[in-house]
Amino acid sequence: MSITHFSPLKFFSLLLCLFVFGLAAPGAFAQEQAAAQEQQDVEEGDAEDNLSDAELEQLVAPIALYPDALLSQVLMASTYPLEVVEAARWVKDNPDVKPDDVESSLDGKGWDASIISLAAIPDALAMLNHDLSWTQKLGDAFLAQQQDVLEAVQRLRLRAEEAGNLESSEQIKVEKVAASTTSTSSIPTSSGGGATTSGSSGGSNQVIVIEQANPEVVYVPAYNPTVVYGTWSYPSYPPYTWYPPGYVASSALWFGAGVVAGRALWGRCDWYRGSVNVNVNRYNRYNRTNIKNSNWKHNSRHRRGVPYKNRNTAKKHGRKHMQQARARENFRGRAQQGRQQLKANRPGQRPGAGNRPGQKPGAGNRPGQKPGAGNRPGQKPGAGNRPGQKPGAGNKRPAQRPAAKKPAAKKKVAARPKSKARPKSSSRRKSSSRSQSRKRSGGKRPSAYRGAGRGKQTRRHSSRGARSRGRSSARRGGGGRRGGGRRGGGRRR
């Protein structure tokens, strides 16, 4: 008989394991409950946000009769409404760019491939840009309910065929295909059309496929939905419409000018699986890439901040982008607040310049100092405080410049004394004309050009002076001072 010894260490280890398991079990159970509740909320929210058949047919009515390749790329592009606007503006500003040169001209724009391809087909892009509210609703519905959207397209095509308004022509080729013989893998890679699905037309084994009659030429059809589809089934949800410039109303499809842009069409509708995908060969040739996956995937980066209306779609695609958008909005708010603070502060200062990141307000001030003691005028707050200084030692008033001396006033120069009047000479040698000239000029010396242009008067005065001098000599008669022998007409000895 063997005796088992009691081990206290094993006993306490067993108790500890039971205690830890008891704590972990409720936590795991709570996590499972939370996950199940979250999944239930998503399903309920998705069901509430999903559109009805009437609403879906209302949305796809203006595009349901587009060729399959064009239809798929219009649905893809509708998920990027902001880039649709940018591309439409570019097409308007560059009307002379040829369709074959569009892709190279848009290199570097950063737009989605579906947007770039529609830039080569202006009518299709103009339709998306015409009503952005409709475009966003269509894109959101397509992201949340791809299969439902494609089924709505097939229902409308069937109605147009039954009304006798959908048939092959010079522009398009309409064909009813058995779903059992078509699938994504059986579609040739060179075809621009799409595959088919059973059940897309309300349980029928056939679907309607529309392709371009000429693979290289694209015609965008326009029509009145209330006429082409026959009597509209949902009066409460009238169909959306769009008519391009030059549209002529008729009971059939109307086509504008064809565009040689077949290379730009690389999408296709997978009616069998109820989704859209990519023709890899055509996509690589047009976009000069080398992708291998034919599945189309929405890229939320090209959404550019446009919110998703469907909650399930927002959780799937928009969570990261919503965080980025929220960060941008917060930055804009801080930037606006900073600009207002800069206006309120004096020029040359920055608000809170003394505060370093992670510091409390006023952290630039050293202990023991008065608030703002180290701040010099024109410096950052707290910039003048040095370790070991007395409080406020950093506050030195800047030396003031001595007041600039005003330049000494110039001494006034004394006016020149007026010249004494010269004694009048008893001699009559000055001509009377000169004396009269001085009287007219107010006693000033006449100008050197005085008399210019009055030659006749000047000569007359000159002759009068000569005669006056002759008479004066005749009166003296040679007499003059001291006998006047020399100045008279006397003879010299």
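The values are calculated or read from the model by the stated rules, or taken from the named source; none is laboratory data. Not measured: the values here are computed from a predicted model. We place every Cβ from the backbone using ideal geometry, glycine too, and count neighbours over all the protein chains shown.
Tally up the residues in the stretch 147-177 that are small (Gly, Ala, Ser), over 17 Å from Ser72 (Cβ atoms) and touching a residue at least 40 places away in the same chain (Cβ under 8 Å), please.
4
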Review point. Only one of these conditions is not met by Ser198: (1) under 23 Å from Asn295 (Cβ atoms); (2) surrounded by 22 or more Cβ atoms within 10 Å (Cβ to Cβ); (3) at pLDDT below 95. Which number is it?
Key: (2)
Study note, to complete from the structure: Condition set of a type in the set (Val, Ile, Thr) and crowded, with 16+ Cβ neighbours inside 10 Å, scope the stretch 228-273, selection nearest to Asp123 (Cα to Cα): answer is Val259
Practice item. Report yes if Val248 is among the β-branched types (Val, Ile, Thr), outside any strand (DSSP E or B) and either over 37 Å from the mean Cα position of the chain (by Cα) or at pLDDT below 90 (or both), otherwise no. Key: yes
